[in-house]
Amino acid sequence: MSSGDGAGSNGRGASEHEVVIVGAGFAGMYMLHKLRGLGFDTVVLERADGVGGTWYWNRYPGARCDVESMQYSYSFDPELEQEWSWSERYSGQPEILRYANHVAERYDLRRDIRFGTTVAQVDWDDDARQWRLQTDRGEYRARFVVMATGCLSTANVPQFEGAETFGGPTYHTGRWPHEGVDFSGQSVAVIGTGSSAVQAIPVIAAQCRKLTVFQRTPNYSVPARNEPLDPAEQAKWKANYRELRAKMFAERAAMVQRLPDGEDPAKEAGDDEFCQRMEQRWEVGGFTFYRAYGDIALDPESNNRVAEFVRNKIAGIVHDPEVAAKLTPHNTIACKRPCLDTHYYETFNQPHVDLVDVSETPIERICEAGVVVDGREYPVDGIVYATGFDAMTGTLLRMNVTGRGGMRLADHWDAGPRTYLGLGVAGFPNMFTVSGPGSPSVLTNMIPSIEQHVDWIARCLVDLRERGAATIEPEPHAEAYWVDYVNAVADLTLYPTCNSWYLGANIPGKTRVFMPLPGFPPYVEICEDVASDNYRGFVLT
Ligand code: N01
């Protein structure tokens with residue numbers, strides 16, 4: 001590649017294309033397939049050795065999607081929908097990665113993906129009206145850049161004092177060794193109790209000799225109720241995919257729930273009706289629990305009533321009242337990303353599982369033997385960091401993007417990410433972000449959200465080609481309007497009321513701004529409207 005990337009090489013050592021896509025997860029793969037079909041010369045740069053993005057990296061024990069299998073898949077090709085079969089209600093990471101590989105194979109995507117290629121610098125060349133991408137394997141140039149870099153792709157590893165002195169192996173859930181890890185007979189520390197930890201803890205506990213969980217904030221979790229996928233359920237989806245996909249796309253999180261959403265307010269429900277409805281949803285499992293009433297994400301009183309239901313469940317499941325109290329959250333339910341689990345709270349009833357509350361006395365340091373909290377040493381053989389990600393902006397900023405006049409994306413986003421529609425950034429022409437900050441992205445089923453972005457970007461590139469336009473970029477006032485709009489919508493909800501990664505609150509020093517936009521269908525309508533209205537809010541040259 002670099003100078004030897006074949007047909008696209010420009011004779012100056014750079015590989016030249018119409019479009020460079022960064023990332024070969026579900027977004028990058030579909031973008032490549034779509035643009036190829038439209039006749040664009042496109043290449044994908046991917047730092048991993050394989051496709052799959054999130055599902056390539058997150059191989060920790062218990063890793064599983066909490067969107068149901070029949071909905072967590074591409075909808076763009078009915079033949080693909082029919083030929084692939086899922087085995088469980090929620091697919092595990094290995095099965096999703098197999099699906100990603102099947103897609104790469106089926107559409108012959110790999111020939112245009114440069115694996116093992118890390119993008120280090122991305123600059124807009126105003127004279128050439130081109131992007132220049134420096135990678136560890138040479139330079140690429142392209143008129144358009146599509147950042148398909150994922151929302152949760154830069155691991156957050158807290159800088160604990162003495163971390164480098166630890167004598168055993170350490171793992172981050174999002175960078176799990178491909179050969180797997182055998183914890184048999186070992187004493188293991190897990191730091192963190194977010195979605196990844198909630199999935200990993202029961203599985204690690206089943207294998208190791210001793211497990212110590214270091215918890216800073218207790219989390220609400222609801223049973224996923226995973227099970228083998230009922231063949232009748234799979235057949236129903238396959239027979240009615242078009243209708244059911246349309247239903248998904250009409251839902252605010254782009255997924256159909258097992259039970260209809262409650263529309264009425266939780267705080268006004270009679271006690272019996274409330275208990276019956278919540279019990280039913282607890283039994284059915286999955287995100288439908290969080291949709292039992294219409295105002296759970298909006299009204300503090302209603303929210304607290306649902307939260308109290310989960311608190312009582314924890315008290316009923318966890319035998320030791322002290323442990324149950326530590327595991328019980330008191331903040332708003334579902335203002336952090338809701339968790340689904342398989343026997344998470346039950347795991348803490350096992351005699352070899354300990355919970356260390358580090359909310360008031362943080363982890364002091366890591367020493368050669370283990371983790372130190374409040375002067376006490378917890379000796380362990382290995383440490384699992386389930387400490388999350390520098391979400392939504394981390395990966396984009398790490399690529400050192402500069403736009404018009406050398407403006408750094410990092411400076412433009414100093415006070416939080418600024419985009420128009422989560423698709424483009426003012427001053428950064430011909431750059432698109434799939435599931436960028438300011439779009440519904442992480443508040444939705446990611447694959448339909450990705451498909452909507454990819455389809456919009458592809459339509460935009462075709463329109464530019466037909467009009468002979470060289471560049472497109474958001475107007476600053478449209479971007480400013482959009483930032484205000486996203487904030488205003490978020491402020492109608494309870495989302496901004498706790499320290500979540502949605503707000504950037506998990507990364508020391510990161511500006512606190514609510515990054516995703518709640519509500520998928522209205523967003524899709526706005527995107528359609530903008531494109532149909534001559535790309536209102538964008539400048540085309
Ligand atoms: O990360 P997180 P995650 N000392 O940021 C703790 C998606 N996902 O990898 O809450 C001690 O949620 C931190 O504590 P606190 C999903 O969108 C999807 O679990 O900040 N603890 C928290 O408990 C999810 O939301 C699936 O106080 C520290 C934990 O580490 C997103 O990925 C499955 C600490 C981090 O939790 C991220 O989830 C799994 C410190 N210094 C994940 N720093 C699906 O099923 C951090 N923590 C699709």
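Taken together, the values in this text are just the output of simple stated rules run on the coordinates, not laboratory data. Worth saying up front: this structure is predicted, and the values here are computed from it rather than measured. Cβ atoms come from the backbone with ideal geometry, glycine included; neighbour counts cover every protein chain shown.
Using a cut-off of 21 Å between alpha-carbon atoms, which lysines can reach residue 210, once sequence neighbours fewer than 8 places away in the same chain are excluded?
Filter leaves 326.
How would you rank 288-297, 506-515, highest first, on the average number of other Cβ atoms within 10 Å across their residues?
288-297, 506-515
Want the number for residue 230 to residue 365: 0.36 nm per residue separation, take away the alpha-carbon distance, what's left?
Stretched fully, the residue 230-residue 365 segment lengthens by 43.8 nm.
Tally the DSSP beta bridges in the chain and give the antiparallel ones as a percent, rounded to 5.
45
Note down the nm distance, to one decimal, between modelled labels 7 Å out along Cα→Cβ at residue 206 and at residue 487.
Inter-label distance under the simple model: 4.7 nm.
Taking every eigenvalue of the Cα gyration tensor of segment 298-370, multiplying by 5 and rooting it, what semi-axes result, largest first, whole Å?
That gives 26, 17, 11 Å for the three semi-axes.
Amide H neighbours of residue 190 under 5 Å, counting only residues 5+ apart in sequence or on other chains, H built in-plane at 1.01 Å?
For residue 190, whose amide H was placed from the backbone, the distant partners under 5 Å are 212, 213, 214, 384.
Name the aspartates and glutamates eligible as straight-distance cross-link partners of residue 238: C-alpha to C-alpha under 13 Å, and not fewer than 8 places from it in the same chain.
Cα-Cα hits under 13 Å: 77, 79, 81, 83, 230.
Output the peptides 251-259, 331-339, 521-529 sorted from most to least packed, where packing is the average of other Cβ atoms within 10 Å over each peptide's residues.
331-339, 251-259, 521-529
Each residue of segment 54-63 in order: what ³J(HN,Hα) in whole Hz does its phi give by Karplus 6.51 cos²θ - 1.76 cosθ + 1.60, θ = phi - 60°, with x for Gly and Pro?
Coupling constants for segment 54-63: 2, 7, 7, 8, 8, 9, 5, x, x, 4 Hz.
Ranking request for peptides 449-456, 238-245, 300-307: highest mean number of other beta-carbon atoms within 10 Å first, then the rest in descending order.
Sorting 449-456, 238-245, 300-307 by mean packing, highest first, produces 449-456, 300-307, 238-245.
Place a label point 7 angstrom from the Cα of residue 312 along the Cα-to-Cβ direction, then list the residues of segment 332-359 whose backbone nitrogen is under 15 Å away.
The answer is none, because no backbone nitrogen lies closer than 15 Å to the label point.
So for segment 345-480, Kirkwood radius off the Cα pairs, Stokes-Einstein at 10 °C and 1.306 mPa s: how many µm² s⁻¹?
For the chosen part, D equals 84 µm²/s.
Could you give each residue of segment 458-474 its phi-based ³J(HN,Hα) in whole Hz, using Karplus coefficients 6.51, -1.76, 1.60 with θ = phi - 60°, and x for Gly or Pro?
Along segment 458-474, the couplings run 5, 4, 5, 5, 5, 4, 4, 4, 5, 8, x, 7, 8, 9, 9, 7, x Hz.
In degrees, nearest 10, range 0 to 90: what is the angle between the Cα axis of helix 26-37 and the longest Cα principal axis of the chain?
Computed tilt is about 20 degrees.
Amide H neighbours of residue 340 under 5 Å, at least 5 residues apart or on other chains, H built in the peptide plane: list them.
Counting only residues 5 or more places away or on other chains, the set is 222.
State the extension gain, in nm to one decimal, for the chain segment bounded by residue 264 and residue 77, taking 0.36 nm per residue of separation less the distance between their alpha-carbons.
Going from the current span to full extension adds 63.6 nm.
Could you compute the FRET efficiency for residue 111 and residue 352, with r as their C-beta to C-beta distance and R0 at 41 Å, rounded to 0.05?
0.25
Given a Förster distance of 60 Å, report the FRET efficiency between residue 459 and residue 184 from their Cβ-Cβ distance, rounded to the nearest 0.05.
Using R0 = 60 Å, I get an efficiency of 0.70.
Excluding residue 503 itself, what net charge comes from residues whose Cβ is under 11 Å from its Cβ, given Lys and Arg +1 and Asp and Glu -1?
+3
Give me the Kirkwood hydrodynamic radius of segment 206-260 in Å, from all C-alpha pairs, to one decimal place?
15.2
If the chain between residue 49 and residue 284 were fully stretched, how many nm would it gain, using 0.36 nm times the residue separation less the Cα-Cα distance?
Full extension from residue 49 to residue 284 adds 80.8 nm.
Just from the alpha-carbon atoms, what are the Rg and Dmax of segment 257-333 in angstroms?
Values for segment 257-333 (Cα only, Rg and Dmax): 12.6, 37 Å.
List the lysines whose Cα sits under 22 Å from the Cα of residue 510, skipping any in the same chain fewer than 8 residues away.
The reachable lysines, counting only those whose Cα sits under 22 Å from residue 510, are 336.
Take the Cα radius of gyration of the chain and divide it by 2.2 N^0.38 Å, with N its residue count; two decimals is plenty.
0.98
Please report how far the C-alpha centroid of segment 45-74 lies from that of segment 270-344, rounded to the nearest whole angstrom.
Result: 27 Å between the Cα centres.
Once phi is turned into ³J(HN,Hα) by the Karplus curve 6.51 cos²θ - 1.76 cosθ + 1.60 with θ = phi - 60°, what whole-Hz value does each residue of segment 181-198 show in order, with x for glycine and proline?
So the Karplus estimates, Gly and Pro as x, are 10, 9, 8, 3, x, 9, 9, 10, 9, 10, 9, x, 9, x, 4, 5, 5, 4 Hz.
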